[in-house]
Amino acid sequence: MKAISLINHSKGALGLRFFGLGPNLIPTHGLIKLQKLLENNTFWAKNRTINDLKKCLANSDVVISLWIGKEIVGFGRALTDGIYRGVLWDIVIDKNHQGKGFGTLIVKNLLTSKKIKNTKKLYLMTTNKKLFYTQLDFKEVISQNLLIREI
């Protein structure tokens, strides 16, 4: 069986962004593999360019990736001010690896990361995984409205 590696990247995921580093700091074309993971396993993160992914990672406070051998099978990231508010983004597990606890592993590592763990309110948006997130102590909010501005 191939080794499972969880990487808690440094702020901005420098190694993943510039060198495509995967487990054990080995170049694995990680950014291209991340792009394919998002493309093949989401409807909301399709068509992201490598350049846009680099910007996205550079501006993320917490970045987590999960690998089996040299293949990325999970990803998640977060933004926060470190005290009052934070948002979890882009949590995805490869379709072939769902139901194995990998999503829980990524979310728990995001929640316990140094930058996020003391943040008073954490937000996330989901279309069809509400049950999964409620098992991790997220609660549905009906007293607020989600507003969006797109360009």
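Where a number appears in this text, it was derived from the coordinates with a stated rule and is not lab data. Given the structure is predicted, the values throughout are model-derived calculations rather than measurements. Because the Cβ atoms are built from the backbone with ideal geometry, glycine has one as well, and the counts that use them run over all protein chains shown.
Only Lys, Arg, Asp and Glu count, each charged at its Cβ (+1, +1, -1, -1), so figure out the dipole size of region 4-134 about its Cα centre, rounded to 20 debye.
Once rounded to the nearest 20, the dipole reads 280 debye.
Quick check on my link table: of K2/K100; K100/K120; K36/K139; K2/K130; K2/K33, which ones sit more than 25 Å apart, alpha carbon to alpha carbon?
Beyond 25 Å between Cα atoms: K100/K120; K36/K139; K2/K130.
Can you find, among M125, W67, G99, the residue sitting farthest towards the positive end of the charge dipole of region 4-134, where Lys and Arg contribute +1 and Asp and Glu -1 at Cβ?
M125
So which chymotrypsin sites (Phe, Trp or Tyr not before Pro) in region 63-151 pass both tests, a DSSP loop state and at most 11 other Cβ atoms within 10 Å of the Cβ?
Values: sites: W67, F75, Y84, W89, F102, Y123, F132, Y133, F138; in loops: Y84, F138.
Passing both the DSSP loop test and the Cβ count: Y84.
Placing unit charges on C-beta atoms (Lys and Arg positive, Asp and Glu negative, everything else neutral), compute the dipole magnitude of region 2-79 about its Cα centre in debye, rounded to 20.
It works out to roughly 100 debye.
Over the chain, what per residue volume does the convex hull of the Cα atoms give, in whole Å³? Provide the component values of the computation, followed by the final result.
Working: hull volume 18.2 nm³, N = 151.
Hull volume over Cα atoms, normalised by residue count, gives 121 Å³.
Which value, in debye to the nearest 20, gives the size of the charge dipole of region 78-146 about its Cα centre, when Lys and Arg are +1 and Asp and Glu are -1 at the Cβ?
180 debye
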